[in-house]
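To start, the structure itself, in structure tokens.
The values are calculated or read from the model by the stated rules, or taken from the named source; none is laboratory data. Being a predicted model, the structure only gives us computed values, none of them experimental. Glycine also receives a Cβ, built like all others from the backbone with ideal geometry; neighbour counts cover every protein chain displayed.
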Amino acid sequence: MKITRTGGIAALALAGTLALSSCAANEPGTGGNDDQPSGLSGTLIGAGASSQQSAQEAWVAAFQTANPDVTVEYDPVGSGGGRDTFKAGGSQFAGSDRAFKLDEIEADDFGACIAGTDIIEIPAYISPIAVIFNLDGIDSLNLDAATLAGIFTGQITKWNDAAIASQNDGVELPDLQITPVHRGDDSGTTANFTDYLAVAAPEVWTVGSIESWPAEFGGEAANQTSGMVDAVTNGTGTIGYADASRAGDLGTVAVKVGDEYVPYSPEAAAAIVDASPLEEGRGEFDLAVSLERDSTASGVYPIVLISYLIACTEYAEGAPVELVKEYLAYVVSAEGQQAAQEAAGSAPISDTLREKALAGINSIK
């Protein structure tokens, strides 16, 4: 897998060095069947969410093995950077930890797409967001949404605060300053985490669902998922939030849902996604999910990241359309979703969601 920076992506795209020998078929296959040559060749460029990095590495490796004349480049520059690159026409697809907002879509400034046409947004990567912390000798804590909001707004400052202690009988909490770590870059992970706080603890978290962390809350800033994990790992008394696949050996929080505390798991993440409706007012193949963050259902984990793959329904002349379709079809296939689960611990999408995603992919021109 080739990892380049945003400037390299834009330069490659604008240089017009893409070549493609398309499949004879009009509809995409799985992209993962290497029994015979696929006929695909060329370069496909994507950029976006760093949360997808492990999954993208697995997807790219399998797809390029099955299609040896294809190169797929994905730059894990972050959700905001990926959306900006896609809008500027510097990539053929984007990865983003949130869907484009309706007013962003209405602006109709997607450089890779034919003006006036829709985009498709596919929930291709579903993962719990783990609340991670670093406290000597403590591997897990129970916390409700109001307490988490109090910690990240700076209202709860010590680990042995009564709000934490009351939910963790028998845990010896230190008299230690809490150091909250937040993303310093515009982040879809932040948008998902703050959306949970805004819905589940609105009386404490009053600034809504946001991608850019409010400066007034203080804390330590870290860029991208790797920076967040490093900052929590290398600190003392630190707490942050990251895609669960990157939690490693750090302590993690079981969040309160109804009357129980639910630890993160792919199964609990998938459960809340399947129980949530699609957002209204979007295009036919814009599959943005409206997550029910305040659910009280048993066994659901509400701090979930749905990372989207975003593409044009109609590409500008010269774009590798069949290559886009084949790669996206592989990603959402059962084989592709299993590869992501094995590489990153994500939750495979349901058959119903796959059917909707493939309908959108088939519509790409």
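There is at least one residue in the stretch 200-220 that is farther than 25 Å from Gly82 by Cα and touching a Lys or Arg at 6+ places or on another chain (Cβ under 9 Å). Restricting Gly95, Gly78 to those that are farther than 20 Å from Val332 by Cα, buried (at least 24 other Cβ atoms within 10 Å of the Cβ) and not β-branched (Val, Ile, Thr) reduces the list to Gly78. Filtering the stretch 298-306 for residues that are at positive phi and not assigned by TED's automatic domain parsing to the domain that holds Glu57 leaves a non-empty set. Of the numbered criteria (1) free of Cβ contacts under 8 Å to residues at least 60 places away in the same chain; (2) part of a strand (DSSP E or B), the one Asp103 fails is (2). You will find that of Leu323, Leu353, Leu328, the residue that is out of contact with any Lys or Arg (no Cβ under 9 Å at 6 or more places or on another chain) and more than 15 Å from Phe93 (Cα to Cα) is Leu353 and no other.
Assessment of the stretch 73-91 against the conditions (in a helix (DSSP H, G or I), of a type in the set (Ser, Thr, Tyr) and in contact with a Pro (Cβ under 7 Å, 6 or more places away or on another chain)) yields no matching residue. Of all residues in the stretch 98-111, how many are surrounded by fewer than 24 Cβ atoms within 10 Å (Cβ to Cβ) and basic (Lys, Arg)? Result for the stretch 98-111: 1.
Answer yes if at least one residue in the stretch 319-336 is assigned to a strand (DSSP E or B) and in contact (Cβ under 8 Å) with a residue 40 or more places away in the chain, and no otherwise. Looking for residues that are assigned to a strand (DSSP E or B) and in contact (Cβ under 8 Å) with a residue 40 or more places away in the chain, one finds none in the stretch 319-336, hence no. Of the residues Glu335, Glu284, Glu280, Glu267, the single one that is of a type in the set (Asp, Glu), at pLDDT below 95, touching a helix residue (DSSP H, G or I) at 6+ places or on another chain (Cβ under 9 Å) and surrounded by fewer than 22 Cβ atoms within 10 Å (Cβ to Cβ) is Glu284.
Please tell me if Tyr315 is surrounded by 23 or more Cβ atoms within 10 Å (Cβ to Cβ) and touching a helix residue (DSSP H, G or I) at 6+ places or on another chain (Cβ under 9 Å). Criteria not met by Tyr315.
Screening the stretch 230-294 for strands (runs of 3 or more DSSP E) wholly inside it with 2 or more residues that are more than 20 Å from Ile164 (Cα to Cα) and assigned by TED's automatic domain parsing to the domain that holds Gly184 returns the ranges 238-243. Of everything in the stretch 250-279 that is free of Cβ contacts under 8 Å to residues at least 40 places away in the same chain and more than 21 Å from the chain's Cα centre (by Cα), the residue that is nearest to Asp185 (Cα to Cα) is Glu260. Out of curiosity, is Ile114 in contact with a strand residue (DSSP E or B) (Cβ under 8 Å, 6 or more places away or on another chain) and surrounded by fewer than 20 Cβ atoms within 10 Å (Cβ to Cβ)? The answer is yes for Ile114. Entry remark, the stretch 231-264: residues being surrounded by fewer than 15 Cβ atoms within 10 Å (Cβ to Cβ) and of a type outside the set (Ser, Thr, Tyr) number 6 in total. Identify all residues within the stretch 194-226 that are within 17 Å of the chain's Cα centre (by Cα) and assigned to a helix (DSSP H, G or I); write none if there are none. The answer is Thr194, Asp195, Tyr196, Gln224, Thr225, Ser226.
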